[in-house]
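Input: a single structure, listed below in C-alpha cells.
What follows draws every value from the coordinates through simple rules; no lab data is involved. Note that the structure is predicted; figures quoted are calculated from it, not measured. Cβ coordinates were reconstructed from backbone atoms using ideal geometry, including for glycine residues, and neighbour counts include every protein chain displayed.
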Amino acid sequence: MPSAISERVELAKLCSCRDWSKAIRVLDSLLVQSGAIQDICNRAFCYSQLELHKHVIKDCDRALQLDPTLLQAYILKGRAFSSLGRKDDALLVWEQGFEHALHQSADLKQLLELEELLKFAKQDRSAGCETHVVESRLSMYVAESRPHSKSDETSKHQNKLSDISNLCSESRNVLGIHSKSGDNFEIHKGISDEGGRSLKLVPESGCHTNEKSSETSKNTSKESDKSELCSELRDAPEICCKSGDSFDIDNGRSEKKAERNQKPGILVNETHDILDLPNLVSGSCSGVNNASELSSRLSMIPGNLGDTSEILSKSSNKANMHNEVTDEAKRNKKLCVTRISKTKSISVDFRLSRGIAQVNEGKYAIAISIFNQILKEDPTYPEALIGRGTAHAFKRELGSAIADFSKAIESNPAAGEAWKRRGQARAALGESAEAINDLTKALEFEPNSADILHERGIVSYKFKDFDAAVEDLSACVKLDMDNMSAYTYLGLALSSIGEYKRAEEAHLKAIQLDRNFLEAWAHLTQFYQDLANSTKALDCINQVLQIDSRFAKAYHLRGLLLHGMGEHRKAIKDLSIGLSIENANIESLYLRASCYHAIGEYGEAVKDYDATLDLELDSMEKFVLQCLAFYQKEIALYTASKINSEFCWFDIDGDIDPLFKEYWCKRLHPKNVCEKVYRQPPLRDSLKRGKLRKQDFATTKQKIALLLAADSIGQKIQYDCNGFLSNRRQHRMAGLAIIEIAQKVAKAWRSVQNEWKHSNKSTSKYGKRVRRRINIPSQNRGGAGCSTSSSSETTTSYGVLEDRSSGRSMMSWKDVYSMAVKWRQISEPCDPVVWINKLSEEFNSGFGSHTPMILGQAKVMRYYQNYERTFDVAKTIMKDKLFVHNKSDNIIDLPKDKIQAIIDAKNCSDLYNIVGEDFWLATRCSSTAFEEKQLEGTRITLVKMAEGGFDFAIRTPCMPSRWNEFDAEMAMAWEAVCNAYCGETYGSTDFDVLENVRDAILRMTYYWYNFMPMSRGSAVVGFSVLLGLLLAANMEFTGKIPKGIQVDWEAILNFNPNSFAESIKSWLYPSLKIMTSWKDYPDVASTLATTGSVVAALSSYDD
C-alpha cells in the first residue's frame, strides 16, 4: 500500500489535472487509513465537481458529526441542497453555519461567504426568481436550478445534469491560478504551489482567475456554467444506488413522488436512483403484497429517465444554455474544446459522462458502446465497468451486469459502489445469500451508510429474512430519519414478525413524512385489512383517492376489502373503475369475476374469467390465478345450469368430477382435467335454464323476516381475532344454515319422538332398541358429466342406518353437516369447499388441510395466537411418547436423555435440533366409539425451510382408515345427541334438564374439528351445526365468541371431548337462552326453494 505522503502528492497532481474521480479514489484510501475530517471535506468538494450532490451531503453530514463547527461543511452542504432545488434546506444549513461562525473565532472569509450565501438565498426566496445567483469568495461553482415550492419538492425535485457542452469552458491548467490562502478549499496543508502558497481546488469554469478576476466574471455571466464533469468516476453513474445525485430517478425522499405515485402496484424505493434492483425481486407482502415487480419496474424506467434527468448531451449546443454569455465567452468556450481534447483524463471523463447521459436517456445500447470504447483502451477501468454493468442491468442482462461489477471489484476491491450494485443485481436474480454478502461487503467501506442498510434491509425483506430486515431498516431510520421507504419496508417487516403496534407506527411515520406517499397509504390499508380493521382500512383508501383519484391500486384494495366484507356489488363498482384505469390487472379481473359469480351474474363472470385466461403470463402468481379462473369458470357454468332448480339439486360433491375437484383444491394446471373430465356446456346453454328470475329477487314478508333472523343469528359465528374480517354475506349464509339445520333436525327428532311413543316396546332381533330418524332425500342427486358412484364412500354400522319398515335411508351425521357445507359452497363459490372423501385417488394418499402458525420467520396473523399452546402440546407428546415420525412416516425414536432438552426447548429451532430433521407428531383424541382407543387427532409438523426459519403447522390428513375411524365416532356422537334429546327430555324448556343435550352436542363438535373432513371451511361449518343443534333443542346462543378464542383450535388442542367441553362451557353456556320463537321463522327450504333464490338472498342487503 502506498504511503500517506505519496498518496497526498498524487492527490495534489490529480486535483491539478481536475481528475476528480481518481482524486476521490485516493481520498477513499486516505480515509480508510485515518478518517481525517479535512479529507472528508476534500472528498465532498470533489464530489461537488462531479455534481454528485447527495454524496456531498453525506460526506458533510459525516464531517459535521465529528465537528459540528466545521464551516466549510455547512457551505458545501448548503450548495448541494441548493443544486438539488431544496432551497429551504440550503437556507437552513447556511443559517446554522453562520450561527456557528458568529460564536467562534472563525475564518473571516468563510464567515463572509456564509453571510453572502444567506443574503442571496433570502433574496431568491422572497423574489421567487426562476434562477438565483450564489457567488462564493472561494470560487465554488454556481449552481443552476429551478425554484421549487414545498409542494414541488414532492413531485419534481430532481437535479439537472450539466450540459456536457459546457465542459469545454473548463480550463485544464489549475496550477496557474494565483489566489489568496483563504479563497479556496484546501486539499491538505503542506502541499504547496510554486509561490509557496497552499494549493487550492478551483472548479469554476472560464479562464484562470484570481479573486479579482473572479469578481470581474460576475459581470460577464451571472451564473457560471454547471459544466463540471458529469460522470462519477469512482461511483460511476449513480444509477443503481440510493445515494446518487445527478442520475437519480427517485432523488431523495421528496423527489419525483408524483411520478412514483402515479405508478400503482410499485412500492418505489424513494431514495433509490434510477435502477432499484431490490424492487425487481418478486415477493409477497400482502400480502398485501404483490405479483412480480420485475416487468412493471423496468417498464417504468425509460419514461422517468427522460423526465427527471433533463440531460443535455449535445456537445456544442449553445442555444440550450440558460446563462447568457458574451460573444467573447463563447469564443473562449470554442477554444477550450481543442484544449480539453488534448487531456486524456478529461477526454475519458467526457466520454464517461456521455455514456452516463445515454443511460439516463434510456439509450442503453449506445451507452454500452461508449463504455466499450473506454474499456478497449483500459479493460480494467472500474468506473467504466460499473457504468456498463448498470446499462446491462437496465436491459435485464443481469448476468452481464454482474460480470462487469465483478471485474470492477477485481480492479478496485475498495469500490464500494460496485459491491452494492452487484448485490442489487444478484438480488434481482434471486441470489439472496450472495446479494446479502455483497451488500455486507459494501457496508465495510461505509459502516454507517443509511443507504446500504436500506438496500440490505429491502433485500432481506424480499427474501423473507424479516428479522434481519427489521435490524437493518431500524438502523437506517436512526441514521436517516426522513427515509420514507425505509419506514414503509420496516412496517412491512414488523408486521410479518407479529410486531403490529410497531408496524403501524412505522407506516404512519412514512405518511407523516409525506402525506402524498400513495404506496405508504396502500400498505397501511393492507395492514389494517389484515388485522380485520375495516373502518381504518376504508379511511386510508379514502385518503389515497383524495390524493389521486386515478390510483388504480386503491380501487383494487377497496374492492378486495369489500369482497372480504361480503359487499360484492360494491366491490364490482370499485374493481371496474380500477380496470378502466389499468385494464390488464389480473388480480382485479379475477376478483371481479368471482364477485359476479357470487351474485349470480354468470355471463359477466365468464367474460372476466376468459379475460383472465387470455392475459399473458409473466409470474407464478398470475399462473395460479389463471388456473383458478379455469376451474371457477366451470363452477360458474355448473351453477348457472342449476339456478332454477331446487336448491337440494345443487350438489358440487355429487355432480362434479372427483379429479376436477382435486385439481381445483390443489390449484394445479388444468391440462389433465381438460383431457380426462367432462366439461360444462357453454354459457348459452346453461343460461337457457340458468338466468336469475325476477321472482328470485322479489321481496315478501316471509323472506324479510327470515333474512333478518338469519342476519342476527349468523353474526354469532364471528371470531374476534386478528385476520378475521366481519363478512355480512357469510353471516347471512351461516344464519340461514343454522335455521335450516334447526328446522330439519327438529322435524327429524319429532318423527323419532312419535315413533318412540308408539314403538318403545319394539326391539331389534338383538333385543336392542333402534333410535329411528326421519327420512330425507339423499344429497347426491347426480348431474351433468359427473361420477355419481358411491364407491368412494366409506360407511360403518354407525353411518346411514336403514329403517326396516320402509327400507329408506335415514338422516345421518353427514346429512346434518352437509346442509351447512352446501350453504358454505354457494355463499363463496370461489373457495374449493368439498368433502375430502369425494376427491379422486388423492384421498387414498392422505390429502388434508395445512394451517401454519409460523412460516419461515413470519408469524401468520390469523393463527399465531395458538403457537404457544401448540408448541407446549408438541413438547408434551414428544416427552410422553419418546418418538416422532419423519416426513416418510417412519418412526424416529427419542432417547430418554433427550427428555430434559425437550422440556427446556423454547422455540422451533430447539425442537428441531433435538430430532435433527423434519418431523411430525399426532395429537391424541380419545375415542368414544372404541373403548380405550386413542385416535390420531391432528398432526403437528415442523419443517425447516430453505430460506431460513421453520414451517410450524397443523395438518389433518384424511386417509381411508382415518376416515372410517372418525366416521364411526361421528355416528356414535350423533346417536348420543339424538338419545339425549328424544324421549323424556324431548321439548323441555328447563335449562338444567337440557344439560346432557348440550354436552352431547359439544362432544360431536369436538370430533368434527379433529376429523376436519373438508378441504376448507370446516371451522364455520362446525360452529354453524353446533348453533343449529342447540337451536333445535330450544337453546339460542345470544352472546359472542370471546376475543382471542378460535373454537376449532380449542378442540384440536384438547386430548378428549370432555376437556374441550369444559373449555367452551365457561362462555357458551351463560349465553344460551331458552327460546321457542325460532319455530315461527319461515321455512328456509320453501322460502328459498331454488338455487337462484338462495343466490339472490345472499347477494341483496337493505342498507
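The fraction of Cα-Cα pairs per 5 angstrom bin, counted from 0 for the stretch 1-111, comes to 2, 13, 21, 21, 19, 13, 8, 2, 0 percent, rounded to whole percents. The charge dipole of the stretch 848-957, taken about its Cα centre with unit charges on the Cβ atoms of Lys, Arg (+1), Asp and Glu (-1) only, comes to about 220 debye. In the stretch 1021-1092, Rg over Rh equals 1.06, where Rg is the alpha-carbon radius of gyration and Rh the Kirkwood radius from pairwise Cα distances. For a Förster distance of 35 Å, can you work out the FRET efficiency between the beta-carbons of MET481 and HIS850, rounded to the nearest 0.05? The value I calculate is 0.25.
Protection proxy ranking for 82-94, 631-643, using the average of other Cβ atoms within 10 Å per residue and placing the highest first: 631-643, 82-94. Each peptide in 1076-1082, 909-915, 1000-1006 was scored by the mean count of other Cβ atoms within 10 Å over its residues; highest first, the order is 1000-1006, 909-915, 1076-1082. For the stretch 897-968, the C-alpha radius of gyration sits at 1.37 times the compact-globule guess of 2.2 N^0.38 Å, with N the residue count. Against the compact-protein benchmark of 2.2 N^0.38 Å, the Cα-based radius of gyration of the stretch 15-73 scales to 1.04. Its residues counted as N, the stretch 548-621 yields a C-alpha radius of gyration over 2.2 N^0.38 Å of 1.03.
Amide H to amide H distances under 5 Å link ILE854 with VAL860, PHE952, where only residues 5 or more positions off or on other chains count and H is placed in the peptide plane. P(r) tail for the stretch 587-686: Cα pairs beyond 24 Å make up 18% of the total.
Size descriptors for the stretch 848-957 (Cα atoms only): Rg and Dmax, in that order, 13.9, 46 Å. For the set LYS54/LYS462; LYS536/LYS633; LYS395/LYS501, the pairs lying more than 31 angstrom apart at their alpha carbons are LYS536/LYS633; LYS395/LYS501. Can you give me the C-alpha center-to-center distance between the stretch 984-1030 and the stretch 43-81, rounded to a whole angstrom? Centre-to-centre distance over Cα atoms comes out at 73 Å. Per-residue packing, averaged as other Cβ atoms within 10 Å, sorts the ranges 734-746, 608-620, 569-581 into the order 734-746, 569-581, 608-620, beginning with the highest.
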